[in-house]
Amino acid sequence: MSSTLITNARMVNEGRTFDGDLRIENGRIAQIGSGLAPRAGEEVIDAAGRWLLPGMIDDQVHFREPGLTHKGDIASESAAAVAGGLTSFMDMPNTNPPTLDSTILEAKYELAKGRAWANYGFYHGASNDNLEAIRVLDPKKAPGVKVFMGASTGNMLVDNPETLDAIFRDCPTPIITHCEDTPMIDANMKAFQEKYGDALTPDMHPDIRSREACIKSTRLAMSLAKKHGTRLHVLHISTADELALFEK
């Protein structure tokens, strides 16, 4: 059994900050305390007052592999994640090809073997055309199914009401959503283009992809989740009004 004792660390845990020692056995935290005595053959690391923090989990990363590795890949981006204190990540399905079936999902796990620097999971994606692939998904193979309910790339926008309802009804994992209402965004874009032509500026972005578009889509996701008893996680909530919906 491998064992490591970290002494004299400044720790943050369960809402407290304190000085102490921490023992790791076979890769897992076994003991937290003060004045822990080293055991025979145990590696001892003196933190000398440095911070020892819990590893963080990032449930939404875009590591761009496969197909977009000129931007980054599983190895490079997971190394950066670990350097920043992340110990686990969950990668999005809008790669090339998109992760829309179990074959592509398994291929991503193979790409990560021996190359990812942290614990990892890969989301299965949704489209208007892959309902059967979602229905037969092994829930142990993916942390969730990502549903782009607005503003996606390629064919991953799910805007067919019947398909969307069926995904929320039949999905065997939690549903992870990107909530923006595309028709509302398209209408805003048309209005801005008619008024400003090619002189659109970045400060117009929150008016085109408006808070109302986010709220409308989030309300829809919540109504479908309540209707079918679906486990739902809405990513990157951007308005206080959306947050208030969940607080209720």
Given (i) 182; (ii) 276; (iii) 140, which label gives volume of the Cα convex hull per residue in Å³ as computed from the coordinates? (i)
So for each of 104-117, 22-35 I average, over its residues, the number of other beta carbons within 10 Å; can you give me the resulting order with the highest mean first? 104-117, 22-35
Can you tell me the accessible area per residue over region 1-111, all protein chains present, probe 1.4 angstrom, in square angstrom? 57 Å²
For the chain, which whole-number percentage of the solvent-accessible area (1.4 Å probe, protein heavy atoms only) is attributable to carbon and sulfur atoms? 53 percent
What is the chain's relative contact order, in percent, from Cα pairs under 8 angstrom and six or more apart in sequence? 12 percent
For every helix of n ≥ 4 consecutive DSSP H residues, a contribution of -39,500 (n - 2.57) applies; sum these over the chain, divide by its total residues, and give [θ] at 222 nm rounded to the nearest 500 deg cm²/dmol. -9500 deg cm²/dmol
Integer Hz, Karplus 6.51/-1.76/1.60 couplings in order for region 224-234, x for Gly and Pro: 5, 5, 5, 4, 10, x, 7, 7, 10, 10, 8
For the full complex of protein chains and a 1.4 angstrom probe, list 238, 3, 78 by accessible area with the highest value first. 238, 3, 78
Kindly flag which residue pairs out of 113/216; 71/146; 195/216; 140/226; 71/227 have an alpha-carbon separation exceeding 32 Å in this structure. 113/216; 71/227
Cα-based shape type of region 112-154, given that a ≥ b ≥ c are square roots of the gyration tensor eigenvalues and the cut on a/c is 1.5: oblate
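The values are calculated or read from the model by the stated rules, or taken from the named source; none is laboratory data. Being a predicted model, the structure only gives us computed values, none of them experimental. Here the Cβ is made from the backbone with ideal geometry for all residues, glycine too, and neighbour counts use every protein chain on show. To get the accessible areas, we keep the full protein, side chains included, count just its heavy atoms, and leave off ligands, DNA and RNA. Shrake-Rupley method; radii C 1.70, N 1.55, O 1.52, S 1.80 Å.
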